[in-house]
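The values are calculated or read from the model by the stated rules, or taken from the named source; none is laboratory data. What you are looking at is a predicted structure, and each value in this text was computed from that prediction instead of being measured. Using ideal geometry, Cβ is built from the backbone for each residue, glycine included, and neighbour counts are taken over all protein chains shown. Side chains included, ligands, DNA and RNA excluded: accessible areas come from the protein's heavy atoms. Shrake-Rupley method; radii C 1.70, N 1.55, O 1.52, S 1.80 Å.
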Amino acid sequence: MTQKTLVYDDLLITLEDVFEAMGYHGEKPDEGTCRETISVISEVRPWLRPRYCYQVMPALPDFDMGRIIQRQLQGAEAYACFICTSGQEFEVYQQRLKQEGDMVRVFVADALGTVIAERCADQMEKDLQLSIDKLGWHHTNRFSPGYCGWHVSQQQLLFPLFKGQTCGVRLNDSSLMVPIKSVSGIVGLGTTVRHLDYTCGLCDYQQCYRRRRRS
C-alpha cells in the first residue's frame with residue numbers, strides 16, 4: 001500500500017483549470033467571479049491536504065465493469081486500486097460555505113474541489129508510473145465506478161481491498177464517497193497496456209468531468 005499527503009501547490013492548478021470546471025470553456029468569467037475564485041483559492045491553499053493511496057495486486061475481485069473498461073484493461077498483468085481525495089478539511093469548508101449561504105463561493109468551491117480531486121489523481125498516476133518503471137510496465141487510464149458502465153454500487157467491492165486504509169474516505173448508503181470530492185477506481189498495469197486519450201465517443205455518461213473538459 002502506498003499513501004501520500006500533498007499540499008495545494010503540488011497539484012499545479014491554474015485559474016483556467018477552475019474556470020473550465022465551472023463551465024467557462026476557454027472563456028473568462030465576470031470580474032466578480034474571478035475575484036471570488038482567487039479568494040477561495042487563497043483561503044484554501046494554506047491548509048489543504050489532499051491525499052491518495054493505491055495498492056497493486058495481481059488480480060481483481062469479480063467486478064462487473066462492463067465491456068468498455070474490460071476492453072481497455074485487456075493485457076494487464078496487474079492492477080492498481082486507488083483512492084484520491086481533496087480531504088476532510090475541504091469537505092468541512094464546503095459545508096461551512098453552504099451554511100453561510102454564499103452561493104457564488106459555494107459554486108467556486110464545488111468546481112475547485114473537482115479539480116483538486118482530479119489533480120490529486122494525476123499525481124497518483126505519476127507516482128504509480130515511477131514505481132513500475134523498473135518493471136518496464138505502462139499503465140492504462142484510470143477507471144472509476146459510476147463511469148463507462150461500471151455501476152457505482154461496485155464501490156462496495158472496491159473499498160474492502162484497502163483494509164480500512166482509505167485516506168479517510170468512506171462510503172454512504174448510496175455507495176457515494178464522503179468526502180464527496182474524491183476519486184476511486186482501478187488502473188491496469190503491464191508491458192502492453194496503453195494510456196489513451198479519453199475517448200468520450202465510447203461512453204454515454206454526460207456528466208463526466210472528462211467529457212465536460214472536452215465539450
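Carbon and sulfur atoms: what percent of the 1.4 Å accessible area of the chain do they account for?
50
So what is the relative contact order of the chain, in percent, for Cα pairs below 8 Å that sit 6 or more residues apart?
Averaging sequence separation for qualifying contacts and normalising by length gives 29 percent for the chain.
Excluding the sites themselves, what is the longest stretch of the chain that contains no GluC sites (Glu not before Pro) in a DSSP loop with at most 16 other C-beta atoms within 10 Å?
78-215
May I ask you to list the residues of the range 114-156 whose amide nitrogen lies under 16 Å from a point 7 Å from Cα along the Cα→beta-carbon direction of T14?
115-116, 119
Kindly list the residues of the range 109-146 that lie in the label zone of H25, defined by a backbone N under 20 Å from the point 7 Å along the Cα-to-C-beta vector.
What the label zone holds, given the 20 Å backbone N cut-off, is 111-112, 114-115.
Shape verdict for the range 36-82, please, from the Cα gyration tensor: rounded (a/c under 1.5), prolate (a/b greater than b/c) or oblate.
It is prolate, given that a/c is not under 1.5 and a/b is the larger ratio.
What does the accessible area per residue of the chain come to in Å², with a 1.4 Å probe and no ligands, DNA or RNA counted?
Value for the chain: 50 Å² per residue.
Would you kindly calculate the mean projected area, averaged across all directions, of the convex hull enclosing the Cα atoms of the chain, in square nanometres?
12.0
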